[in-house]
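Structure, as structure tokens:
The values are calculated or read from the model by the stated rules, or taken from the named source; none is laboratory data. If you're wondering where the values come from, they're calculated on a predicted model, not measured in any experiment. So basically every Cβ, Gly included, is an ideal-geometry build from the backbone, and we count neighbours across all protein chains shown.
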Amino acid sequence: MTVIILHVKSTYETLQMGHSQEDKARSHERIVKRAAARFRECGIDGIGLAELMKEVGLSHGGFYRHFSSRDELVAEAVEHALADSGQRVADIARPDRPLTLGILIDAYLSTAHRDHLAASCAVATMAADVARAGDRARAAYSKQVEVYLGLLTDLASGPNKKIKRARAITALAALVGAVSMARAVKEEKFSREILASAAQELIVMLRA
């Protein structure tokens with residue numbers, strides 16, 4: 001009888017531990033996702049840990065159950081934001097609509113992308129923050145930049161791959177710069193002019 005009771009107790013504790021680990025993993029994911037969105041909206045230093053934890057319905061003290069430091073959260077959030085941005089670019093293409101330069105540039109330089117910071121391209125929104133971050137965040141940023149350059153190089157015209165890559169670097173810098181400027185200027189008409197002009201000139205350059 002004692003053996004049966006001990007076995008039942010052990011099984012219950014194992015199940016409880018499993019549920020606890022699952023709950024912790026879900027909470028961890030919520031924190032990282034929220035941080036990735038908020039960092040894109042207001043910068044890495046634009047929100048404190050207490051406010052972030054409150055937004056996901058957790059206590060400030062519970063933060064250290066998930067991360068050893070704020071820097072660790074920053075690194076994970078940057079990685080998540082960059083991966084999310086890359087997936088959104090991939091989702092632009094559909095089986096019935098292959099990705100083209102026109103589709104890619106129009107989507108990136110759209111007013112929707114300009115206005116929705118929380119879901120926008122982290123290569124643009126997080127550049128200044130990542131430049132001051134640790135090696136892990138910068139490595140993730142570099143990796144995503146290379147992904148975009150590979151995509152643009154494949155889509156660009158040019159006599160050889162070296163020239164196509166140079167054009168891709170120029171194009172990515174222009175895309176990031178144009179959407180950043182369009183967000184910063186005061187007048188809506190001016191903002192739209194920046195987006196439209198950049199899109200037009202990039203298409204010409206990349207198809208030359």
>> Six or more apart or on different chains, Cβ atoms under 8 Å: show the pairs whose first residue is in region 120-131 and over 15 Å from A83 (Cα atoms) and whose second is surrounded by fewer than 24 Cβ atoms within 10 Å (Cβ to Cβ) and among the β-branched types (V, I, T).
In response: D129/I44
> Taking L109, is it buried (at least 18 other Cβ atoms within 10 Å of the Cβ) and out of contact with any helix residue (DSSP H, G or I) (no Cβ under 6 Å at 6 or more places or on another chain)?
Replying inline: no
>> Can you say whether V32 is in a helix (DSSP H, G or I), modelled with pLDDT of 85 or more and either within 26 Å of V145 (Cβ to Cβ) or more than 21 Å from the chain's Cα centre (by Cα) (or both), as far as the supplied structure shows?
In response: yes
